[in-house]
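Peer 1: Please find one structure pasted underneath; my questions will follow.
The values are calculated or read from the model by the stated rules, or taken from the named source; none is laboratory data. All values derive from a computational prediction rather than experimental measurement. Glycine also receives a Cβ, built like all others from the backbone with ideal geometry; neighbour counts cover every protein chain displayed. Areas reflect the complete protein model, heavy atoms only, side chains present, ligands, DNA and RNA absent. Shrake-Rupley method; radii C 1.70, N 1.55, O 1.52, S 1.80 Å.
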Amino acid sequence: MTAIIMKELRTYFTQMTGYIFLALTVLLTGIFFVAMNVIFRSPHFHQVLNSTTILFFVMVPALTMRLFADEVKNKTDQLLYTSPLAVWQIVLGKYLAAGLLFLMAMVVTMIFPLIISNFGELPVSQIVGAYVGYILIGLMLIAIGVFISVMTENQIIAAVSTFGIIFVMFILDALAGGMPADATSSLIFIGILILIVAGIFYHSTKNIFAAGIFAIVSAGIAIALFFANNLMFDGIIGRSFRWLSIFSRFDTLTMGILNLADIVFYISFALVFIYLTVNVIEKRRWR
Amino acid sequence: MIKVKNLTKRYGQHLALDNISFTVEEGEVLGFLGPNGAGKSTTMNIMTGYIASTEGEVHIGGIDIVAEPEKAKAQIGYLPETPPLYGDMRVDEYLNFVASIKKVKSSERKQMVAYVKEAVHIEDMSKRLIKNLSKGYRQRVGMAQAMLGNPKVIIMDEPTVGLDPKQIIEMREVFRKLGKKHTLILSSHIMQEVSAVCDRVMIINKGHIMASDTPERLAAGLAQGHKMLVRVKGDKDKILSALADYSIIKEVKAIASRELGTIDFELSGDENIDIREAIFSCMSANSMPLLMMKSLDLSLEEIFLQITGQEQVAEPQTEELQATQTTGEEQVS
């Protein structure tokens, strides 16, 4: 696995992606730092981190788009998958390489709060919370990017889809307010969710009976609950959107509140996507 | 060493491999021979654990490639059809990377990389970027990669495609050396290629094993009688009467006169009986200069075409044969 990490890091820095990534992250964070902290003489660097979350739109696709697409294009995937490495080692190696590069950029941006601390008092807990949140969001989005990279052989498609998904996550909070809140639409929403989960289930196991039984049973439970306790269904769409919204959780963290539930949420989200990536590769080779 | 049992592979509706089984002994050099799209690469990809079979099992040194993939893969070195190279790495970097993913101990790595580079003669290329190497050298780097980790089995898919004749001959030497230390499986769609280095040839076509034997026996088993084409200077009737004295020559066909004052004959004897000496002594006894003598027995190439049944190539040949039969009225027994 270390071999894979080293190789990927090497590639980042031979293909310039690594330098451009580091330089752009520091440059853009620097611009926000000047605009928000220096000009207004504010020590609240966590606000800068809050604003620079838009960097994820570009940075994550740039980090992850070539991870698997390139291997398939150059046929080097044959080398990796016929080597005595397990698939999870390959996936985790690539993920950690991207994560490490991201962490490097984060470490460099720590110059800015250090500068502030020279001239005044830092709101330490908020900045630590913001950094924890920022890093966790980054690592989670990178996991999503890795997952998308393995789904396509085309780097551009990988980059655009990653961008799209991050964008949807970004506006999820805003969307939540506009969703219908009545119980019937909630039931329809749950029905769609069940179909999607059953579809994924079928896709990964190729067992139509199990997927069908799962769909029927969970739909039955949902309908039974709907008639038994109608109130429970009120506003389910908005609530689940808000639950999924990674950026609203970030706001709590920037207040300096390290909520265990939020941290678990980010880490488990990342793990799920790494698991899915491994699974997709294994399944593809079984076809 | 390798056991392949009832291997079947379907790509959607297309049946790429149809229930093939074979075994490879330790130290054997086996050649897969077949036209493009016969299923050679599919078989190799399944044996190396790159893709899964629809049905069937592969055991490498007694280990199931599906049940314990890491253990089984550790025993295989694989050179796929396209060498899996990273263009932006230098040869040394690349080989060190492959050695590390193949779990070669770091203390042995340097020595092993030097050894494989020497084996395929790429020592001078160590510091070159792979993307700047020529096709032949890339192929060799691919081979070096397959040899890393000293695997028991080395599998190479069309390793000589795109090499120039001099390189092909060099590569044959490399294969022979490899065959002494490893179980080696090569594939090719060129007959001489495999017959030159392999102990055994397996002809694959349309997902079936059509034949599996030593190159010599494949040739012997399919040779149709013993036929020679000769060109003799002299008068046709005299030659015919002279040949009539030799009972070992069963059939004589005059074909045509392609050179002034000479006649070409097709002579055949019984199967497995060498008639060359008889032809020579017949001609020298009658002082008729023998200008050419050529075997008409099937070459390995023709056997290959016959087995894989490429009608579009085989048909004109049979037509030509029939044509010579109808023109050769002067049949003497």
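Peer 1: Within the group B:Ala72, B:Ala67, B:Ala52, B:Ala38, which residue is farther than 20 Å from B:Val197 by Cβ and buried (at least 22 other Cβ atoms within 10 Å of the Cβ)?
Peer 2: Working: B:Ala67 fails: buried (at least 22 other Cβ atoms within 10 Å of the Cβ); B:Ala52 fails: buried (at least 22 other Cβ atoms within 10 Å of the Cβ); B:Ala38 fails: farther than 20 Å from B:Val197 by Cβ.
Step by step, each of B:Ala72, B:Ala67, B:Ala52, B:Ala38 is checked, and only B:Ala72 is farther than 20 Å from B:Val197 by Cβ and buried (at least 22 other Cβ atoms within 10 Å of the Cβ).
Peer 1: Would you pick out the residues in the stretch B:238-249 that are surrounded by 16 or more Cβ atoms within 10 Å (Cβ to Cβ) and touching a residue at least 60 places away in the same chain (Cβ under 8 Å)?
Peer 2: Within the stretch B:238-249, B:Leu240, B:Leu243 meet the criteria.
Peer 1: What number of residues within the stretch B:16-42 are polar (S, T, N, Q), more than 14 Å from chain A (Cβ to nearest Cβ) and not in a strand (DSSP E or B)?
Peer 2: Looking only at that region, the number is 1.
Peer 1: Within the stretch A:193-208, which residues are at pLDDT below 85, out of contact with any Gly (no Cβ under 9 Å at 6 or more places or on another chain), part of a helix (DSSP H, G or I) and not small (Gly, Ala, Ser)?
Peer 2: Listed by number, the residues that qualify are A:Ile200, A:Phe201, A:His203, A:Thr205, A:Ile208.
Peer 1: Quick one: which of A:Gly99, A:Gly138, A:Gly120 is open to solvent by 20 Å² or more (accessible area, probe 1.4 Å) and of a type outside the set (Asp, Glu)?
Peer 2: A:Gly120
Peer 1: Another question, then. Considering only the stretch A:45-80, state which residues are open to solvent by 50 Å² or more (accessible area, probe 1.4 Å) and out of contact with any Ser or Thr (no Cβ under 9 Å at 6 or more places or on another chain).
Peer 2: Those that are open to solvent by 50 Å² or more (accessible area, probe 1.4 Å) and out of contact with any Ser or Thr (no Cβ under 9 Å at 6 or more places or on another chain): A:Ile54, A:Val58, A:Lys73.
Peer 1: Restrict the check to the stretch B:56-65 and report whether at least one residue is under 22 Å from A:Val87 (Cα atoms), touching a residue at least 40 places away in the same chain (Cβ under 8 Å) and either within 8 Å of chain A (Cβ to nearest Cβ) or assigned to a helix (DSSP H, G or I) (or both).
Peer 2: No, every residue in the stretch B:56-65 fails to be under 22 Å from A:Val87 (Cα atoms), touching a residue at least 40 places away in the same chain (Cβ under 8 Å) and either within 8 Å of chain A (Cβ to nearest Cβ) or assigned to a helix (DSSP H, G or I) (or both).
Peer 1: Just for the stretch A:4-30: of the residues that are open to solvent by less than 20 Å² (accessible area, probe 1.4 Å) and at the interface with chain B (Cβ under 10 Å from one of its Cβ atoms), which one is nearest to A:Val87 (Cα to Cα)?
Peer 2: Looking at the filtered set, the residue picked out is A:Ile4.
Peer 1: Suppose we keep only residues that are in contact (Cβ under 8 Å) with a residue 12 or more places away in the chain and within 14 Å of chain A (Cβ to nearest Cβ) within the stretch B:99-112. Which one would you say is surrounded by the fewest Cβ atoms within 10 Å (Cβ to Cβ)?
Peer 2: Selected residue: B:Lys103.
Peer 1: Can you find even one residue in the stretch A:87-95 that is surrounded by fewer than 18 Cβ atoms within 10 Å (Cβ to Cβ) and more than 24 Å from the chain's Cα centre (by Cα)?
Peer 2: no
Peer 1: Quick check on this structure: which one of A:Ile216, A:Ile281 is within 14 Å of chain B (Cβ to nearest Cβ), assigned to a helix (DSSP H, G or I) and modelled with pLDDT of 85 or more?
Peer 2: Among A:Ile216, A:Ile281, only A:Ile281 is within 14 Å of chain B (Cβ to nearest Cβ), assigned to a helix (DSSP H, G or I) and modelled with pLDDT of 85 or more.
Peer 1: May I pose another question? Of the conditions (1) of a type outside the set (Ser, Thr, Tyr); (2) at pLDDT below 85; (3) outside any loop (DSSP other than H, G, I, E, B), A:Gly256 clears all except one; give me its number.
Peer 2: (3)
Peer 1: Which one of these is surrounded by fewer than 20 Cβ atoms within 10 Å (Cβ to Cβ) and touching a Phe, Trp or Tyr at 6+ places or on another chain (Cβ under 9 Å): B:Ser212, B:Ser187, B:Ser134, B:Ser126?
Peer 2: Answer to the selection: B:Ser212.
Peer 1: Conditions: (1) under 38 Å from the mean Cα position of the chain (by Cα); (2) surrounded by 15 or more Cβ atoms within 10 Å (Cβ to Cβ). B:Ser281 meets all but one. Number of the miss?
Peer 2: (2)
Peer 1: Here is a list of conditions, (1) within 14 Å of another protein chain (Cβ to nearest Cβ); (2) crowded, with 20+ Cβ neighbours inside 10 Å; (3) in contact (Cβ under 8 Å) with a residue 60 or more places away in the chain, and B:Tyr94 meets all of them except one; can you say which number that is?
Peer 2: Going through the list (1) within 14 Å of another protein chain (Cβ to nearest Cβ); (2) crowded, with 20+ Cβ neighbours inside 10 Å; (3) in contact (Cβ under 8 Å) with a residue 60 or more places away in the chain, B:Tyr94 breaks only (3).
Peer 1: A:Ile216 versus (1) under 22 Å from A:Leu172 (Cβ atoms); (2) open to solvent by 70 Å² or more (accessible area, probe 1.4 Å); (3) not basic (Lys, Arg): which is the lone unmet condition?
Peer 2: (1)
Peer 1: What is the residue count in the stretch B:78-91 for residues that are more than 7 Å from chain A (Cβ to nearest Cβ) and open to solvent by 30 Å² or more (accessible area, probe 1.4 Å)?
Peer 2: Here the count works out to 2.
Peer 1: Among the residues of the stretch A:228-287, write down those that are buried (at least 19 other Cβ atoms within 10 Å of the Cβ) and touching a Pro at 6+ places or on another chain (Cβ under 8 Å).
Peer 2: Across the stretch A:228-287, the qualifying residue is only A:Ile237.
Peer 1: Then there's this: Please count how many residues of the stretch A:237-250 are out of contact with any Gly (no Cβ under 6 Å at 6 or more places or on another chain) and within 28 Å of A:Leu96 (Cβ to Cβ).
Peer 2: Residues meeting the conditions: 7.
Peer 1: Restricting to the stretch B:257-268, and then to whatever is outside any loop (DSSP other than H, G, I, E, B) and more than 34 Å from the chain's Cα centre (by Cα), can you tell me which residue is nearest to B:Ser295 (Cα to Cα)?
Peer 2: Checked the stretch B:257-268; the qualifying residue nearest to B:Ser295 (Cα to Cα) is B:Ile263.
Peer 1: Follow-up question, since we're still on this one. Answer yes or no as to whether A:Ser42 is buried (at least 22 other Cβ atoms within 10 Å of the Cβ), over 24 Å from the mean Cα position of the chain (by Cα) and among the small types (Gly, Ala, Ser).
Peer 2: For A:Ser42, the condition - buried (at least 22 other Cβ atoms within 10 Å of the Cβ), over 24 Å from the mean Cα position of the chain (by Cα) and among the small types (Gly, Ala, Ser) - is not met.
Peer 1: Could you figure out which of (1) open to solvent by less than 10 Å² (accessible area, probe 1.4 Å); (2) within 14 Å of another protein chain (Cβ to nearest Cβ) isn't true of B:Glu158?
Peer 2: (1)
Peer 1: Give the number of residues within the stretch A:31-52 that are in a helix (DSSP H, G or I) and either in contact (Cβ under 8 Å) with a residue 12 or more places away in the chain or more than 12 Å from A:Phe112 (Cα to Cα) (or both).
Peer 2: Adding up the residues that qualify gives 13.
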